[in-house]
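For reference, the structure is listed below as structure tokens.
Just so it is clear, none of the values below were taken in a lab; they were calculated from the coordinates. The model shown is predicted, which means the values in this text are computed figures rather than measured ones. With ideal geometry, Cβ positions are generated from the backbone for all residues, glycine too; neighbour counts draw on all protein chains shown.
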Amino acid sequence: MLRLLLIMIALLAAPAAAQDIPVDPFSGLKMTGDWQIVMGNCIACHSPKLITQQRGTRDQWLQMIRWMQEKQNLWQFQPEVEDKILTYLAENYPPREDQRRAAVPPHLMPPNPYAPPTQQPNRETDNAGQSL
Ligand code: HEC
């Protein structure tokens with residue numbers, strides 16, 4: 001009985017422990033792993049909230065970094081620095097169940113019945129189809 005109780009306590013405590021990572025009061029980043037490398041490289045241009053509210057797989061984080069490098073003047077990283085940043089982001093800000101799903105691509109959407117007509121209306125008839 002005692003053993004069962006201990007197992008239950010351990011099971012209850014385990015997820016709590018994972019959430020007990022302290023948060024840096026300045027940046028809001030979880031203070032674990034290479035968080036200081038992320039702080040040193042990722043908060044110069046925008047609020048750290050842009051990072052902490054975002055979620056993604058390692059690959060998705062990499063795509064965001066590439067986009068910023070291409071479009072937003074983000075500097076290039078040494079491969080080992082980039083690896084540490086990606087590991088930190090993917091481990092601490094992974095995709096979530098309760099996250100808003102990604103947008104449905106336009107070609108998978110049903111036709112929009114309220115879309116404006118793509119052609120000029122036929123002016124030989126009125127809106128009810130009667131000859132003018
Ligand atoms: C050189 C400037 C710069 C640096 C440094 C920078 N970013 Fe950004 N980042 C931007 C800009 C500009 C945007 C677009 C902001 C906006 O839309 O208001 C952005 C947007 C983002 C977004 C939002 C992307 C989206 O799809 O909404 C995330 C997440 C992000 N950055 C994470 C990071 C991370 C992680 C790092 C460090 C590796 C970083 N940023 C470093 C310039 C930078």
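Tally Lys and Arg at +1 and Asp and Glu at -1 over the other residues with C-beta under 14 Å from the C-beta of Met39: what net charge comes out?
Details: positive: Lys30, Lys49, Lys84; negative: Asp24, Asp34.
Summing Lys and Arg as +1 and Asp and Glu as -1 gives +1.
Which residues in the range 55-83 place their backbone N less than 20 Å from a point set 7 Å from the Cα of Ala103 along the Cα-to-Cβ direction?
Residues 55-57, 60-72 qualify, since their backbone N sits under 20 Å from the label point.
Using a cut-off of 13 Å between beta-carbons, work out the net charge of the residues near Lys84 (Lys and Arg +1, Asp and Glu -1, Lys84 not included). Display every interim value, and only then the final one.
Working: positive: Arg58; negative: Asp34, Glu80, Glu82, Asp83, Glu91.
Around Lys84, the charge tally is -4.
When the Kirkwood hydrodynamic radius is evaluated over all pairs of different C-alpha atoms of the range 17-90, what value in angstrom, to one decimal, is obtained? Could the numbers behind the result be given before it?
On the way: mean 1/r = 0.0784 Å⁻¹.
Over the range 17-90, the inverse of the mean reciprocal pair distance is 12.8 Å.
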